[in-house]
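Since the structure comes first, as structure tokens, the remarks are kept for the end.
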Amino acid sequence: MYYFISWFRDNGVSLSKMVDAWHVNAATSGLVWDLTIAAIALTVFIVSEVAVRRNWIALLAIPATFGIGVSCGLPLYLYLRSRPVT
């Protein structure tokens, strides 16, 4: 989040400018698509597991995934999944 806030501070709060910056070259476009696909796959996995296990608190990993990143959402989900379901 530090980097996003820094970017918004330097460039103004414009999502369209940020999306343009994400696709400045093929390497950044590939990274954006890779992380987007990983986030969607993780979300589908979380929803399907929660539907079976009824571990509703694990749904907190979805906003963490899209708000912070897959590197936060996946470990958080695995931690919440390891806890006993009450």
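Filter segment 9-29 down to residues that are farther than 17 Å from Phe66 by Cα and surrounded by fewer than 11 Cβ atoms within 10 Å (Cβ to Cβ), then give me how many there are.
Our first condition is that a residue be farther than 17 Å from Phe66 by Cα; within segment 9-29, this holds for 9-14, 16-17, 20-21, 23-29.
After this cut, where a residue has to be surrounded by fewer than 11 Cβ atoms within 10 Å (Cβ to Cβ) as well, the list is 9-10, 12-13, 16, 20, 24-27.
Of the residues in that region, 10 qualify.
Mind checking whether some residue in segment 30-41 is surrounded by fewer than 10 Cβ atoms within 10 Å (Cβ to Cβ) and either over 24 Å from Tyr79 (Cβ atoms) or polar (S, T, N, Q) (or both)?
The first filter runs over segment 30-41 and keeps only residues surrounded by fewer than 10 Cβ atoms within 10 Å (Cβ to Cβ), leaving none.
Among the residues of segment 30-41, not one is surrounded by fewer than 10 Cβ atoms within 10 Å (Cβ to Cβ) and either over 24 Å from Tyr79 (Cβ atoms) or polar (S, T, N, Q) (or both), which makes the answer no.
One residue alone among Val52, Val44 is without any contact (Cβ under 8 Å) to a residue 40 or more places away in the chain and farther than 21 Å from Ile68 by Cβ, and that residue is Val52. Please verify whether segment 48-59 includes one or more residues that are more than 16 Å from the chain's Cα centre (by Cα), surrounded by 11 or more Cβ atoms within 10 Å (Cβ to Cβ) and of a type in the set (Asp, Glu). Yes, some residue in segment 48-59 is more than 16 Å from the chain's Cα centre (by Cα), surrounded by 11 or more Cβ atoms within 10 Å (Cβ to Cβ) and of a type in the set (Asp, Glu). Across segment 32-86, the number of residues qualifying as of a type in the set (D, E, K, R) and touching a Phe, Trp or Tyr at 6+ places or on another chain (Cβ under 9 Å) comes to 1.
Could you tell me whether Pro75 is out of contact with any Gly (no Cβ under 7 Å at 6 or more places or on another chain) and loosely packed, with under 12 Cβ neighbours inside 10 Å? Taking the combined requirement at face value, the residue does not satisfy it. A search for C-beta distances below 7 Å between a residue of segment 56-75 that is over 11 Å from Thr43 (Cβ atoms) and any residue that is aromatic (Phe, Trp, Tyr) and at pLDDT 95 or above, counting only pairs 6+ apart in sequence or on different chains, returns Ala58/Tyr77.
The values are calculated or read from the model by the stated rules, or taken from the named source; none is laboratory data. Just so it is clear, the model here is predicted, and its values are computed rather than measured. With ideal geometry, Cβ positions are generated from the backbone for all residues, glycine too; neighbour counts draw on all protein chains shown.
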